[in-house]
Amino acid sequence: MDSVEDIEQRIARAGRSFAEVKAEMARRIVGHEALIEQVFIALVCGGHCLLEGVPGLGKTLMVRSLGEILSLSFSRVQFTPDLMPADITGTNLLADDPSGRKIFEFQRGPIFANIVLADEINRATPKTQSALLEAMQEASVTVGGKGHHLESPFMVLATQNPLEMEGTYPLPEAQVDRFFFKLLLEYPGREELSRIADLTTAAPPGALREILDGAAILEIRSWVREVPLAETVKDYAVRLILATHAGPETDGSGVEIARRFVLYGSSPRGLQSLILAAKARALLSGRPNVSFEDIRSVVTPSLRHRVILNLEADAEGISPEKILAEVVRQVPEVS
Amino acid sequence: MDADRAALETRLSRLLGWEKRKRCEAILTVALFYALLGALAVPLLVSVSRGWAWVAPVAIFILLTPCLYLARRWRDRDTARALAALDRALHLDERATTAWEFLRRNETQAVALLVLRQASDRLKNLDARALFPRSWGWRGWLLAPLALLWLGMLYFDPRFEPQGAGPGQPPSLSQNLREFARRLQEKAQREGLPRTLEAARELERIAQRGMAAGTTDEQIRSELAGIKKKLAAERNAAGKGAFGPADSRQQLEDLRAEVEAARELLKQADGEAWQDRLSGLKQIEKQLDRQGLSARALNRGEMQAFLDKLEQAVAGELDRRSLQETEQFLQQLMQRGQGLQRDARGRPDGNREEDGPDDGKREAGPGATAGEEPGTNTGKAQPLPDVKGGLRTQVKGSIGEGERSGIFFKGKPAPGTSGLSQDEVIASYRRQAEAELNTEKIPEQLKDTIKNYFLSLEKAQ
């Protein structure tokens, strides 16, 4: 049984590791501090992220850098319309065994890595998308009737380009719901652009230091689930989820803007994501318990892809972020 | 660790206790606020006496307080709110909230103990009263002004009846006496009656003293008996004077007016013209005849002396009669109190059919309505009459409408011819009506109606 001092040491270690990761990432990535934090939170919660941003904002660089720092294996798959599921999962190839007999040998696909960057996931056909999504959900793939477990920790970072919608296959809501976070990459500001120019046009920086390994990530992942959550704070999270709904399930706690513009509110998976992410944030901040602020700070990345808006919202240019901001503003901490 | 746990529990319990106390105070403040509002509104809706004015706020307070306690009773969510406020105020990141739940569940896991220890460390110097001081709110700040306003109304607003009389109760002896004394003072000042004025002041002093000290009617009656004797002695000491019972008050007042007029004539008229004009003043001529004198036989100086003497005599006589009336009123007042006592002792059901009302007031009921057939009083407010120029208009009214004042005498009319002429009666009533018209007692819209009524009487003559 752990002692109080053990718990204190764990919390301190988790916080210190995260601070070091951030500092190391800052050597290569300019800005995006919140994004890095959210990706790390998703990693220690065992979730996957959907990244949305225009090309050239450093999505691939960020994911690759994270792989280096965490000494995890990294693979990148460029999704195209002709990409087949086997191109991701791997396939059985005919090969000779030492006795000269012909046998099928499983050739692992790029999915067999700790961190997988699925670039422009919406360009692949739904068949290929679902193969990836199955791997995300089950942490295993089935090829030729035989199941293959994926290495742990396993994390998919899928990207979408919001500009080019021609010839794409948008992910269905049910599949989007499987992503722990949906993160938006914003265009860098003037100072950040200037720093990017300095960083990328001068001599390349040295290799990144390895800070955590897979085992340490898994250890932190287990600690996250032990972070206590007060009933009052949990009730706040539940009321936030209910407030994103437009129908009678809101239990009278609905918000006017949600009633008007939301077609479907967040799923229960949204609540799981919200609470788990809040616990991770508390742990990485060096606290033994979850606060209201922890919940509030992860509402947008956890729920923005789980709130489905109606046509009126489209017509009026209402975004899920605006709905969620209003929900956070209107729902009181204690009912 | 157990000591830390106990200390934390004590501190948080103290905080919650303080919050509960503030809630109670807030409920009492709200109840008091609405009680005072109600107290201010009550006199606008119904007529109450000062004695009963306390009842409305107390009743509202007593009824409202349990309802508010029920509606705003302390619940679990209030505890959660109080702890969340503590976390916010001290930037505890919900450590207090989580710790309280662990304390309630008696958690012993290491992580729970860590939360309890951290919360205990951060709340070591918790002073709930300093951190969350009382906040009175706008209702609390309005309490004192409302209370002052109400007390001010209680003592200065005429809508409150005098102290001692409850709704439906007849006024006490002291109250009646004070009302009478005030009216008597006004009359004495207006007519220049020094002894009456002095007596009226004395009576008001007795009434005020009786009301302030809560003196019983019996004690007041004994004092009144003393005053009555004193008045009788004064009246006897003043003597009968030059006027007898045949000289009506109206005649005396007319005589006084003629004396004033005669003085003016003496000042203004030249030569012997004043003697011709003086002959038009009937009452003075009557007095000259009574003393065997003639205006033509007197010179200006002698006439002046005669008028001075006459004026003194008239004033003295009016003063004497006023004292006599006062004596009669006091006599009735004393009898009335005894009559009421007899009624209370002998007939608790209040059946007063045989004797009629002892205080001379007409009772509400069949036949009490002026201008209506007996028994047709509907009790409804009557519209203003449609007054047409040159036509007689009957002003309908009923006893019980609005404020009224007056002295009522009970007695049976004596058979025989009246000693007063119709002209004198109408002139007297007209003067009274004109005097009343100049006061605020008559509603503005009815003043013309009253004026037209007396004008129509003159035209009819």
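The values are calculated or read from the model by the stated rules, or taken from the named source; none is laboratory data. These numbers were taken from a predicted model, which means no experiment stands behind them. Quick reminder, even Gly has a Cβ in these numbers, built from the backbone with ideal geometry, and neighbours come from all protein chains shown. Side chains included, ligands, DNA and RNA excluded: accessible areas come from the protein's heavy atoms. Shrake-Rupley method; radii C 1.70, N 1.55, O 1.52, S 1.80 Å.
Structure notes:
- Accessible area buried between chains A and B, both sides summed, probe 1.4 Å, in Å² to nearest 100: 1800
- A:R209-A:V54 FRET efficiency (beta carbon distance; Förster radius 30 Å; 0.05 resolution): 0.50
- Figure note: B:K286, B:K22, A:K146 ranked by solvent-accessible area, largest first, 1.4 Å probe, ligands and nucleic acids not counted: A:K146, B:K286, B:K22.
- Degrees between helix A:320-330 axis and first principal axis of chain A (Cα, 0 to 90, nearest 10): 40
- Listed peptides A:117-129, A:40-52, B:24-36 appear in the order A:40-52, A:117-129, B:24-36 once ranked by packing, highest mean of other Cβ atoms within 10 Å at the front.
- Taking amide H atoms as placed 1.01 Å from N in the peptide plane, the amide H of A:S73 lies under 5 Å from those of A:N114, A:I115, each 5 or more residues away in sequence or on another chain.
- Integer Hz, Karplus 6.51/-1.76/1.60 couplings in order for the range A:30-35, x for Gly and Pro: 8, x, 6, 4, 5, 5
- Compared with the rule-of-thumb size 2.2 N^0.38 Å for a compact globular protein, the range B:190-240 has a Cα radius of gyration ratio of 1.30.
- Phi angles across the range A:299-304 convert, under the Karplus curve 6.51 cos²θ - 1.76 cosθ + 1.60 with θ = phi - 60°, into 3J(HN,Hα) values of 4, 5, x, 7, 10, 4 Hz, Gly and Pro given as x.
- Each eigenvalue of the Cα gyration tensor of chain A, multiplied by 5 and square-rooted, gives one semi-axis; in descending order these are 33, 26, 23 Å.
- Heavy-atom accessible area ranking, 1.4 Å probe, most first, across B:R431, A:R221, A:R287: B:R431, A:R221, A:R287
- Helix A:4-26 axis versus longest C-alpha principal axis of chain A: approximately 70°, rounded to the nearest ten.
- The overall shape of the range A:162-238 is oblate: from the C-alpha gyration tensor, with semi-axes ordered a ≥ b ≥ c, the ratio a/c is 1.5 or greater and a/b is no larger than b/c.
- Rounded accessible area of A:V328 (nearest 10 Å², 1.4 Å probe): 40
- Computed 3J(HN,Hα) for the range A:64-73, one whole-Hz value per residue from the Karplus formula 6.51 cos²θ - 1.76 cosθ + 1.60 where θ = phi - 60°, is 5, 4, 4, x, 5, 5, 8, 6, 10, 6, glycine and proline marked x.
- Accessible area of A:M62 in the full protein assembly, 1.4 Å probe (Å², nearest 10): 10
- The angle separating the long axis of helix A:214-224 from the principal Cα axis of greatest extent in chain A is about 20 degrees.
- Simple spin-label estimate for B:K187 and B:E202 in nanometres, 7 Å along Cα-Cβ: 1.7
- The alpha carbons of the range B:1-69 give a radius of gyration and a Dmax of 19.8, 68 Å, in that order.
- For B:Y429, solvent-accessible area (1.4 Å; no DNA, RNA or ligand), Å²: 130
- Ranked by how many other beta carbons lie within 10 Å on average, peptides B:199-210, B:101-112, B:123-134, B:85-96 from highest: B:85-96, B:199-210, B:101-112, B:123-134
- Cut-off 13 Å, label 7 Å out along Cα→Cβ of B:E311, residues of the range B:248-263 by amide N: B:256-263
- Scanning residues 5 or more positions from A:T244 or on other chains, those with amide H under 5 Å from its amide H are A:S266, with H placed 1.01 Å from N in the peptide plane.
- The amide H of A:E52, built 1.01 Å from its N in the peptide plane, has A:Q160, A:L183, A:L184, A:L185 as neighbours under 5 Å, considering only residues 5 or more places off or on other chains.
- Separation of the range A:38-62 and the range A:1-36, taken as the distance between their Cα centroids, equals 17 angstrom.
- Accessible surface of the range B:3-133 [probe 1.4 Å, protein heavy atoms]: carbon and sulfur percent: 60
- Pairs from B:K230/B:K282; A:K182/A:K234; A:K279/A:K322; A:K22/A:K127; B:K229/B:K282 whose Cα-Cα separation, in the structure shown, is over 26 Å: B:K230/B:K282; A:K22/A:K127; B:K229/B:K282
- The Rg/Rh ratio of the range A:31-74, with both radii computed over alpha carbons and Rh defined as the Kirkwood radius, is 0.94.
- Annotation: average projected area of the range A:1-45 is 3.6 square nanometres, based on the convex hull of Cα atoms across all directions.
- With bins 10 Å wide beginning at 0, the percent of Cα pairs of the range A:210-279 falling in each bin runs 19, 37, 23, 15, 6, 0.
- Here the range A:137-187 is described by how far its Cα atoms reach on the three principal axes: 41, 25, 17 Å, from widest to narrowest.
- Sequence ranges A:297-303, B:291-297, ranked by mean other-Cβ count within 10 angstrom, highest first: A:297-303, B:291-297
- Average partner coverage of B:116-125, which counts Cβ from other chains inside 10 Å: 1
- Number of partner chain Cβ atoms within 10 Å, mean per residue of A:6-14: 2
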